[in-house]
Amino acid sequence: MLRRPTRTRRALAATAAALAAVTALAVTAPASAATDPAAAPTTELLTVTSPGEDPALLAQRLVESGLDVVTRDGDKVVVVGSEHTREQLDQLGVQTVHARPVPVAAPTESTAAYPLPSRLADRQYPTFYGGYRTVQGFHQFVADVAQRYPELARRVSYGDSWQRTQDRSKGNELTALCLTARPDQGCQLRPDSAKPRFLLMAQIHAREITTGETAWRFVTRLLDGYRADAEVTAVLDGTEVWVVPQVNPDGIETVQEGLGAGDVAGSSRAWQRKNRDDSNSEPPCAGPWQVSQEGIDLNRNWDSHWGGAGTSKNPCSLVYPGPKPASEPETTALAALFERLFPDQRGPADTDAAPANARGAMVTLHTYGNLVLFPWGHDKNVKTPNDAGLRSMAFRMSHFNGYNTGQPGEVLYNASGGTDDWTYDKLGIASFTYEIGPGSGDCTGFFPEYRCQDKFWELNGSALLYAAKSARSPYTTSLGPTISNVNVQRAHGPWASVGAKADDNAYGGKGVNRPAAQKVVAAEAYVGKAPWEGGVPQTLRVNGDGSTVDVGGVFDATGDTGEHRLVYVRAKDADGNWGPVTAAWLPPRSND
Ligand SMILES: [Zn+2]
């Protein structure tokens, strides 16, 4: 079982007091940027339809017209609206079915305790908008993690933001964390790593502030979980987890200026989505910021089907892909990092499959709409040659977070030049986008109250851990059963017993072309050494004849039980696919 870090009431109270003390550090914007919320134009979510038009094509048409499409709801499309949006929709011949105000709280002080790894419990980080850490807070966090967890973490600087390339005194360094057991023996910037790699990236779209928070919590869970949580321990022993918590820090600083002043009106800089490269828009964009802003959409800038669906040639558009592919330093630096971490495992043609045993996986975090997406993003009518593996892994992850699953055009709209299309296209690694957060309710929107993060994390922590442990062989293990509820007990003498649930039907319930489950036909336990470490399988019993069954049995627990005394369990389906292992602790013998 996976354990969320828990903290005592006393520790929480202490943190709350500490946070009150750092309120003075909260980012504030110049007074001129502040807007009286009462007088602010209302932001609303508009549900629209165009009878007879494919909703995916409608969504794409709206995006390319400069509208901010957030999600799809059956044959309808939901867009963020400001003052002029309804007019614009009328001109496009689109009917507005209903409209509701976007629920936005605009706190300027910390309202909740943010999570910290145990060795950083004495640290404080500047916040904005009720608890979200600032760009400087993240820079400090990354440095602190590397310093206080030298046996688990390395900090890597991989480039400069656009503003920093223009003026060394401005902008931001681009940084990543490598998390793994014995980083001194790994975390090298070369693709022939001993351990497989999983990379999580967040906030390529600046205003999607939930995503940096998710990355922060993922780092925290891994650090606190090592030697405390069997699954986390197994992942860090066997995998390098790379986290890029802020892909677009220049843009995030702009978001902070708006949100730090409690300003969420359509004119607010809170809506910054793109980077801050203003060299392509002359004269400056007219605004309002929510629909017209300078910069390049970094998630349209990657050199894969660049400039196709879901982009606009207008430099002020939210989906402007830049003057050419990979024109932006944030893109080229991250692409170079990917190329130094993952070997190229796929041929150049769109129809070339990555080999079944390809290694490596990535997830890029966005908000919102509760979606798990996978390539191709550029055209829903084209399946990748690894569609079975990608789709299966996407649905395996949405089993944990409950999100709607498909190619972007199948559940949202086609979008070209995105990161995950590129990482799959150029390197062949299993690549996914999460769109975190619901399309309605009190935690919807780009700026949910900080307390909403607890719910988001509850859904996504286990999904991300599944992604990390799939990095070893994403296209094969995701076809096999998911193991949960592993229970290991000592029995008489050398023996121990294990019971677990093996579920080949552990696929998310919503999405396009949900994979079919097969019967579970075999199960194994490994003691001390995982299958890839030369561990010796011990056969377990499969109870019943179905795709969701209990497996278990008695096994020999003598011999080398390894540094962490881990037991690994996996199961195979009737098509011959072994799922990923799930780890549990072997309890000590009473006389150990
Ligand atoms: Zn996004």
Filtered residue count, segment 155-195, keeping only those that are open to solvent by less than 30 Å² (accessible area, probe 1.4 Å), of a type in the set (Ser, Thr, Tyr) and in a loop (DSSP other than H, G, I, E, B): 3
Residue within segment 316-325 that is in a loop (DSSP other than H, G, I, E, B) and in contact with a strand residue (DSSP E or B) (Cβ under 8 Å, 6 or more places away or on another chain) present: yes
Matching residues, segment 359-406, being part of a strand (DSSP E or B), touching a Phe, Trp or Tyr at 6+ places or on another chain (Cβ under 6 Å) and more than 16 Å from the ligand (Cβ to nearest atom): Ala361, Thr405
Members of segment 114-145 found to be part of a helix (DSSP H, G or I) and in the same structural domain as Glu173 (by TED's automatic domain parsing), listed by number: Val135, Gln136, Gly137, Phe138, His139, Gln140, Phe141, Val142, Ala143, Asp144, Val145
Residue match in segment 272-280 (condition: open to solvent by less than 10 Å² (accessible area, probe 1.4 Å) and either among the small types (Gly, Ala, Ser) or touching a strand residue (DSSP E or B) at 6+ places or on another chain (Cβ under 8 Å) (or both)): no
Residue match in segment 196-208 (condition: among the basic types (Lys, Arg), surrounded by fewer than 24 Cβ atoms within 10 Å (Cβ to Cβ) and more than 16 Å from the ligand (Cβ to nearest atom)): no
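Among Ala326, Ala394, Ala336, which is under 21 Å from the mean Cα position of the chain (by Cα), modelled with pLDDT of 95 or more and within 28 Å of Arg155 (Cα to Cα)?
Values: Ala326 fails: under 21 Å from the mean Cα position of the chain (by Cα); Ala394 fails: within 28 Å of Arg155 (Cα to Cα).
Unique residue meeting the criteria: Ala336.
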Filtered residue count, segment 300-319, keeping only those that are open to solvent by 20 Å² or more (accessible area, probe 1.4 Å) and among the aromatic types (Phe, Trp, Tyr): 1
When residues of segment 552-587 are limited to those that are free of Cβ contacts under 8 Å to residues at least 60 places away in the same chain and either closer than 22 Å to Leu479 by Cα or assigned by TED's automatic domain parsing to the domain that holds Arg396 (or both), the one surrounded by the most Cβ atoms within 10 Å (Cβ to Cβ): Gly552
Yes/no for Glu282 being modelled with pLDDT under 95 and more than 16 Å from the ligand (Cβ to nearest atom): yes
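For Gly409, state whether it is among the small types (Gly, Ala, Ser), in the same structural domain as Val363 (by TED's automatic domain parsing), assigned to a loop (DSSP other than H, G, I, E, B) and within 29 Å of Thr311 (Cα to Cα).
On the way: among the small types (Gly, Ala, Ser): yes; in the same structural domain as Val363 (by TED's automatic domain parsing): yes; assigned to a loop (DSSP other than H, G, I, E, B): no; within 29 Å of Thr311 (Cα to Cα): yes.
It is false that Gly409 is among the small types (Gly, Ala, Ser), in the same structural domain as Val363 (by TED's automatic domain parsing), assigned to a loop (DSSP other than H, G, I, E, B) and within 29 Å of Thr311 (Cα to Cα).
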Total residues in segment 431-480, condition within 13 Å of the chain's Cα centre (by Cα), open to solvent by less than 10 Å² (accessible area, probe 1.4 Å) and among the aliphatic types (A, V, I, L, M): 6
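Away from the ligand (no atom under 16 Å from the Cβ) and in the same structural domain as Arg472 (by TED's automatic domain parsing): which single residue out of Glu213, Glu257 fits that description?
On the way: Glu213 fails: away from the ligand (no atom under 16 Å from the Cβ).
Sole residue among the options that is away from the ligand (no atom under 16 Å from the Cβ) and in the same structural domain as Arg472 (by TED's automatic domain parsing): Glu257.
Of all residues in segment 326-342, which are assigned to a loop (DSSP other than H, G, I, E, B) and either polar (S, T, N, Q) or not assigned by TED's automatic domain parsing to the domain that holds Leu199 (or both)?
Ser327
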Test set (1) modelled with pLDDT of 95 or more; (2) of a type outside the set (Ser, Thr, Tyr); (3) surrounded by fewer than 24 Cβ atoms within 10 Å (Cβ to Cβ) - Gly369 fails condition number: (1)
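The values are calculated or read from the model by the stated rules, or taken from the named source; none is laboratory data. Only a predicted model underlies this, so the values are computations on that prediction, with no experimental measurement involved. Heads up, the Cβs are rebuilt from the backbone with ideal geometry, glycines too, and the neighbour counts pull from every protein chain shown. Please note that ligands, DNA and RNA were not included when accessible areas were found on the heavy atoms of the full protein model with its side chains. Shrake-Rupley method; radii C 1.70, N 1.55, O 1.52, S 1.80 Å.
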